[in-house]
Each structure stands twice: as C-alpha cells, then as structure tokens.
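A.B. asks: One structure, as structure tokens, below. Some questions next.
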Amino acid sequence: MDESDRAPRVRGEAGWQRPSFLELFFDLVFVFAFNQVSLRLINDFGTGNRLQIDEVGRALVLFLALWMLWLSTAFSTSRGRPESTPGQVMVFMAMAGATVMAVAVAKGFEGRAFVFAGAYVAARVSRFLLAVRLRQAEHAPVWGWFSVGLSAVPWVLGGLVDDRLSRGVLWVVALALDYGGFALTHRRTVGAPIAGEHLAERLQQFLLIALGEAIFLSGRALTNSSFGIPQGAGFGLAFVGIALLWRIYFYRAGSVLPLAISRARERTRESVAVAGSHLLMIVGIVLSGVGFDLYIVGPLTQPRPDFLVAILGGPALVLAGRALFERQVFSRISRSRLVGLLALGLLVPAAWYVPPLAAGGAVVVVLAAIAVWDGWRARGRAPEPPVPPI
C-alpha cells in the first residue's frame, strides 16, 4: 500500500489542491472529443443548402453526455482524492468510457449509437460503484444515485432502436434524468466536503480546451483552404476572436472564480451554478470554432443564413453564459454583456445578405468593443472582490 492509499480518501473542507497530473491526462481525451463534435457539426453545415436544426440538436445531445461524464468525474475528484488507488481507477474508467464515446461521436446517432450509449452507461455506473468505495455516496440523496441507474434504461433503449427520432427522444429523457439527478445530488449536499477552488480550476481548464479546439479548427481550415488573402484574413479574424473570448472570460470574473467559490455561503450550490454557466460558454465556444472554420474556408461565398447559427450564435451563447457567470460571481451583470448581446441580435438582418467573412468581422468588432469597455470601466479602480449571491 502506498502513501496515497494510507491518506484519507475524502477531502477535508479546506483540502484544496491543484488538479493532479492524472486529471490533466484525463482531459486529453476531451481534446479528441471536442474535435469529433466540431467536425460532425462542420460536416452538417457543409452538406445541403440549409442546416437541419435536428442535426445541431443531435450534436448537442452527444456533447451533453460527454460533458456530464466529465463534470461528474470532476466533482468526484473535488470531493475525493484522485491520487488514491480507488480514485485512480475511477478516473481511468471514466477516461476509457469517454474515449470510446469520442470515437463513436461521428456516427453517434447512426451505426455507433449503441457503442456511444453503452460506453456512457458503463462509465457512469462504474463511477457510482467506486464513489461508494470512496465513501462519497453517503453525502448524496437516494434520488441522485437512483437516477444514474434509471437513466441507463433510455440510454440503452435509444442505442438499440433504429429510428433516429425515437433515439433522440429517449436520449433527451435520459439526459434530463442525469442532469436532474446531478443537480439534486449536489444542490442538497451543502455540508458535504468539496474543494471548490479545485473544481474552479478544473472548469477553467475545460474551457481552455474548448478555446484550443477553436484554434485547431482555424488552423486546419486555413491549411485545407486555397491559402489566399481572403482565407488569411478570415484566419486573422478568427485568431483575434479567440483571444477576445479568452479576455472576456478571464476579465474579471474568471480570474477570481476560486475565491468566489471559497467565499460562497453554500459552496456546493455555487459550484453547481458556475458549472451551468461554463457549459453555456463552452457550447458557445465550440459553435464559434465551427463559425471560424466556415468563414476561413469560404470567406466570400454566397450568404447562407444557416451559417449565422455558428458565426453569430456561438459568440452570443458565450456572452449569455458570461453574463450569467458574472451574476454568480459578483451578484450583478455588466451592461457591456447585455449591449453586446443586443448588438449581435441587431447584426442578424444585415448578416443574411453579406459574405461569411463580413459577418465574422462584425462579430469581432462587437467582441473588441466589449473588451475595451471592460478595460475603460475598470480604469483607475481597485479590483472588485467577488460577492457570490449564494
């Protein structure tokens, strides 16, 4: 037995640690998973004359399953000690499940549906069993753990049926059970030990993975393009857009997230709340990365209104999530977030009639204006301390 096994397997209330190397290794699987989801979306946008909204919905269902697996594992490692032998086994089993799920994403609603669902269910159930071993289950309501087994039924049935509509309905029901059970489990365990600062850093790392995927997609798009001036301009806009998304997130709520969680009266509920806003921002970043690809590959093509789902919709989701996140950290929302959302909405009618590159350029201008506004508002003022509402 090594030293990590002799140490307590549940963190103390003040037992914050930086994420372990194993957790960072676990995140590498989701670099691949992000890429597979993004490529599926790019393929959906690139086929036909218009985007089928159900295709975006299917990609979202697959992504939400991957996110739930990552998030539930992150919460477990923030409660327990991933360096212990049971903790390592739990992370590696989740890692194996996520890898199989990522491999199946490209045809996750088609020929590999059962593989995707089976890997997800196996990873979730095994995590529950190991949580019992780590003595974490004693903090959770019965319904929270019951939902893990209950949701397995529609997941497996959805993987077996042939009709994609029926599969989608079953999997949406399964996700509702999973997310409802997760929220109930953690929102009602206020006194359970959780290293909120550790979880904050894990959420930030996952968001950075999403930004990294946007960089990868932009570089891939330029490499596969004709490499002309319009394509280069599109790549430049994409790079500036990614940098602005990073700036808008970390200034200033993102930089004080660990402190905000530590100051919250109900740290577990605050952790669940910020996980929700991060999900919204991460989905927006993934969609933004698809938009970057679209206007790098075809910067001057005929306007396609469906492209606006990615080019305008992605940044809009990021701003909406960032506004919610700011409310969770500072108990207020800056006007720049709301004005930015309004500006993106006002761009929609004009963007229907201009090339993708022009629409992307307009979005970058809006993001730059928000970043400048933030800097101007904070000029000469002391850094604002976090004041979480819960």
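The values are calculated or read from the model by the stated rules, or taken from the named source; none is laboratory data. The shown structure was predicted, so the numbers you read here are calculated from the model rather than taken from an experiment. Positions of Cβ are backbone-derived with ideal geometry, glycine not excepted, and every protein chain shown enters the neighbour counts.
A.B. asks: From (1) assigned to a helix (DSSP H, G or I); (2) at pLDDT 95 or above, pick out the condition that doesn't hold for V132.
C.D. replies: Here V132 clears every test but (2).
A.B. asks: Would you pick out the residues in region 319-353 that are outside any helix (DSSP H, G or I) and within 15 Å of V283 (Cβ to Cβ)?
C.D. replies: Looking only at region 319-353, we keep the residues that are outside any helix (DSSP H, G or I), and these are 331-334, 352-353.
Listed by number, the list is empty, since nothing qualifies.
A.B. asks: Among G276, G284, G289, which is assigned by TED's automatic domain parsing to the domain that holds F235, surrounded by fewer than 21 Cβ atoms within 10 Å (Cβ to Cβ), modelled with pLDDT of 95 or more and not aliphatic (A, V, I, L, M)?
C.D. replies: None of the other options fit; the residue is G276.
A.B. asks: Take S255 and decide whether it is free of Cβ contacts under 8 Å to residues at least 12 places away in the same chain, surrounded by fewer than 22 Cβ atoms within 10 Å (Cβ to Cβ) and closer than 30 Å to I194 by Cα.
C.D. replies: Answer is yes for this residue.
A.B. asks: Now, a different point. Give A152, A137 a once-over and let me know the one that is modelled with pLDDT of 95 or more and either closer than 19 Å to L71 by Cα or surrounded by 17 or more Cβ atoms within 10 Å (Cβ to Cβ) (or both).
C.D. replies: After applying the criteria, what remains is A152.
A.B. asks: Could I ask something else about it? Mind checking which pairs have a first residue in region 151-166 that is farther than 19 Å from A122 by Cα and a second that is at pLDDT 95 or above and not in a helix (DSSP H, G or I), Cβ under 8 Å, 6 or more apart or different chains?
C.D. replies: If the second residue must be at pLDDT 95 or above and not in a helix (DSSP H, G or I), the pairs left are R164/F109.
A.B. asks: Quick check on my filter: what residues within region 354-388 are in a loop (DSSP other than H, G, I, E, B), touching a Phe, Trp or Tyr at 6+ places or on another chain (Cβ under 7 Å) and more than 20 Å from A320 (Cα to Cα)?
C.D. replies: The answer is E384, and nothing else.
A.B. asks: Report, by residue number, each residue of region 167-179 that is of a type in the set (G, A, S) and more than 17 Å from R124 (Cβ to Cβ).
C.D. replies: The answer is G168, and nothing else.
Here is a yes/no grid of residues against (1) touching a residue at least 24 places away in the same chain (Cβ under 8 Å); (2) under 24 Å from I261 (Cα atoms):
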| position | (1), (2) |
| --- | --- |
| V329 | yes, yes |
| V354 | yes, no |
| A362 | no, no |
| G380 | no, no |
| P385 | yes, yes |
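A.B. asks: Another question, if that's okay. Could we say that L338 is in contact (Cβ under 8 Å) with a residue 24 or more places away in the chain and either more than 20 Å from V256 (Cα to Cα) or not charged (D, E, K, R) (or both) here?
C.D. replies: No.
A.B. asks: What do you reckon, is A200 under 22 Å from H278 (Cβ atoms), of a type in the set (G, A, S) and in contact with a Gly (Cβ under 6 Å, 6 or more places away or on another chain)? Give the steps one after another, and end with the answer.
C.D. replies: Working: under 22 Å from H278 (Cβ atoms): yes; of a type in the set (G, A, S): yes; in contact with a Gly (Cβ under 6 Å, 6 or more places away or on another chain): no.
It is false that A200 is under 22 Å from H278 (Cβ atoms), of a type in the set (G, A, S) and in contact with a Gly (Cβ under 6 Å, 6 or more places away or on another chain).
A.B. asks: Quick check on this structure: which one of L324, L319 is in the same structural domain as R304 (by TED's automatic domain parsing) and buried (at least 23 other Cβ atoms within 10 Å of the Cβ)? Before you say what the answer is, go through the steps one by one.
C.D. replies: Details: L324 fails: buried (at least 23 other Cβ atoms within 10 Å of the Cβ).
Step by step, each of L324, L319 is checked, and only L319 is in the same structural domain as R304 (by TED's automatic domain parsing) and buried (at least 23 other Cβ atoms within 10 Å of the Cβ).
A.B. asks: Is it true that some residue in region 344-361 is closer than 18 Å to L207 by Cβ, of a type outside the set (S, T, N, Q) and surrounded by 23 or more Cβ atoms within 10 Å (Cβ to Cβ)?
C.D. replies: Looking only at region 344-361, we keep the residues that are closer than 18 Å to L207 by Cβ, and these are none.
Taking every residue of region 344-361 in turn, none turns out to be closer than 18 Å to L207 by Cβ, of a type outside the set (S, T, N, Q) and surrounded by 23 or more Cβ atoms within 10 Å (Cβ to Cβ).
One line per residue, one yes/no per condition, for (1) assigned to a helix (DSSP H, G or I); (2) of a type outside the set (A, V, I, L, M, F, W, C); (3) touching a Leu at 6+ places or on another chain (Cβ under 8 Å):
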| position | (1), (2), (3) |
| --- | --- |
| S255 | yes, yes, no |
| L259 | yes, no, no |
| S262 | yes, yes, no |
| S277 | yes, yes, yes |
| Y295 | yes, yes, yes |
| F307 | yes, no, yes |
| A310 | yes, no, yes |
| L317 | yes, no, yes |
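A.B. asks: Quick check on region 239-250. Is at least one of its residues among the small types (G, A, S) and at pLDDT below 95?
C.D. replies: Taking every residue of region 239-250 in turn, none turns out to be among the small types (G, A, S) and at pLDDT below 95.
A.B. asks: Does Q302 qualify as being assigned to a loop (DSSP other than H, G, I, E, B) and in the same structural domain as L199 (by TED's automatic domain parsing)? Explain how you work it out, then say what you get.
C.D. replies: Numbers: assigned to a loop (DSSP other than H, G, I, E, B): yes; in the same structural domain as L199 (by TED's automatic domain parsing): yes.
The answer is yes for Q302.
A.B. asks: Right, another one. Criterion first (modelled with pLDDT under 95 and either closer than 30 Å to V105 by Cβ or among the aliphatic types (A, V, I, L, M) (or both)) does F32 satisfy it?
C.D. replies: no
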